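The values are calculated or read from the model by the stated rules, or taken from the named source; none is laboratory data. Predicted, not measured: the structure shown is a model, and the values here were computed from it. Here the Cβ positions follow ideal geometry from the backbone for every residue, glycine too, while neighbour counts run over all protein chains shown.
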Amino acid sequence: MLQKDFKLKKILKILIHFFWKRNIHGLSIVKRDCNIARTSRVGPFCVIDGEGGKVIIGERCSVNASSWIGAGMSSIKIGNDVRMGAGVKISCSHHNFDRTDIPIREQGIKNNCDIVIGNDCWIGMGAIICPNVVIGSGVIIGAGAVVVGNIPNNAVVVGNPAKIIKYRH
Ligand SMILES: CC(C)(COP(=O)(O)OP(=O)(O)OC[C@H]1O[C@@H](n2cnc3c(N)ncnc32)[C@H](O)[C@@H]1OP(=O)(O)O)[C@@H](O)C(=O)NCCC(=O)NCCS
């Protein structure tokens, strides 16, 4: 009986560590070529994949549930203190599609489509950040925004395509 209790406690400890105490939730997948600071947290059901490029996430960031971050053949560099709502999508994948005589899947993916995000940004839930953009520091990206161009420091952007509505003071 005592041995059974002991085993149960051990299993419970492992489960708590796996699903709760780790900085990367046990139900998330962090694939190759990713460098995530230990002080940053990744919620459940996220996929983060360097995909042959590189994903770098700085200190004290949070990536909330069901987010996707994929670097394609490029790199995604996220600064410190960046907060992401649920379901944020950040992708550098940009297919070549000029030719119509062969399928898109055979035309390869562009490299040098890097995404850079500065420090202390807040990215609202469901926002999408497309390839080849630089987002400054202190930027707020509204829920559901689609970012297709560079954003200067301290701007607040919303909509599809994301437009600046104001600056933080
Ligand atoms: C972007 C955001 C921070 C702006 O907040 P705010 O400064 O209080 O802005 P306001 O509510 O005053 O809105 C200003 C204008 O932008 C519009 N707007 C605000 N958020 C918007 C959004 N996400 N998408 C489209 N338009 C938006 C408003 O309708 C308003 O338009 P109007 O001037 O024509 O009336 C906020 O709306 C938002 O999207 N927050 C993210 C919430 C979230 O994702 N939380 C979970 C993650 S932690």
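Couple of notes before you dig in:
- Residue check for ASN111: in contact (Cβ under 8 Å) with a residue 40 or more places away in the chain, within 22 Å of ARG32 (Cα to Cα) and more than 16 Å from the ligand (Cβ to nearest atom): yes
- Summed over the stretch 136-152, the residues that are more than 10 Å from the ligand (Cβ to nearest atom) and in contact (Cβ under 8 Å) with a residue 24 or more places away in the chain give a count of 2.
- Residue within the stretch 97-108 that is in contact with a helix residue (DSSP H, G or I) (Cβ under 9 Å, 6 or more places away or on another chain), away from the ligand (no atom under 14 Å from the Cβ) and modelled with pLDDT of 95 or more present: yes
- Restricting the stretch 123-135 to residues that are near the ligand (Cβ under 10 Å from one of its atoms) and without any contact (Cβ under 8 Å) to a residue 60 or more places away in the chain leaves a set whose member that is surrounded by the most Cβ atoms within 10 Å (Cβ to Cβ) is ILE123.
- Residue in the stretch 153-168 that is assigned to a loop (DSSP other than H, G, I, E, B), within 12 Å of the ligand (Cβ to nearest atom) and closer than 19 Å to ALA65 by Cα present: no
- Options ILE69, ILE102, ILE109: the member that is of a type in the set (Val, Ile, Thr) and under 13 Å from the mean Cα position of the chain (by Cα): ILE69
- Enumeration of residues in the stretch 95-104 that are touching a residue at least 12 places away in the same chain (Cβ under 8 Å) and assigned to a loop (DSSP other than H, G, I, E, B): ASN96
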